[in-house]
Amino acid sequence: MGLKPSPSPEGGRTRLRDAKSLKPVKPIRLLEAVQEMKVRRLREEPGEPEKEEGSSGVNSVDLVLKREDIAGFSSRILRIEPGGHTAFHEHEREHVAVVLRGRCRAETKTDMADVGEGCIVSIPPGEPHRFNNLGKERLALLIMNLFPREEPKQEAGEEARPEAS
């Protein structure tokens, strides 16, 4: 059945119609997680104080609300007060941090970078790191966590097979 979008007679949303009969067709939900658009205002989100030992003045707002259908991605906004910092920590996921507001020092065991609004910092999995607010205003970081894909475990004596292209 071919589908053809057509304007709603009420002037609202576009509806899908069968291309031959032009009868309205109810859209099929492919995943239960697909939801209608939601708008949240960051300034109205209370967030949660970071409780990790060694952090100071850090508040975290989860951007992707609980989703059972997604295993490999998470994101949040870290709001760090002037003079505040995250704990020095490490984990087995990659961080991509975008400075949305303020100035930040990103530190690892071997490197340090002072960055400002619009800068993107990537930290590889397993690298100890922390973020410090260097400014006089609240720092806002968009943190995206990329989880590594789990490779199938090989049985003893089994050779690795190249992926089909």
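I want the local charge near K109. Using Cβ-Cβ distances under 11 Å, sum +1 for each Lys or Arg and -1 for each Asp or Glu among the other residues. Mind showing how you got there, number by number?
Details: positive: R130; negative: E90, E107, D111, E127.
The answer is -3.
Cβ under 11 Å from L139's Cβ, L139 left aside: what net charge do those residues give with Lys, Arg +1 and Asp, Glu -1? If you can, show how the numbers build up before the last one.
Numbers: positive: R79, R101, R103, R105, K136, R138; negative: E81, E117, E137.
Net local charge, L139 excluded: +3.
Let me have the relative contact order for segment 42-146, percent, based on Cα pairs under 8 Å that are six or more residues apart. Kindly include the intermediate steps, with their values, before the conclusion.
Details: 261 pairs, mean separation 33.3, N = 105.
The value is 32 percent.
Coordinate-derived values only; no laboratory data. Predicted model, so just to flag it, every value in this text is computed and none were measured. All Cβ positions, glycine included, derive from the backbone under ideal geometry; neighbour counts span all protein chains shown.
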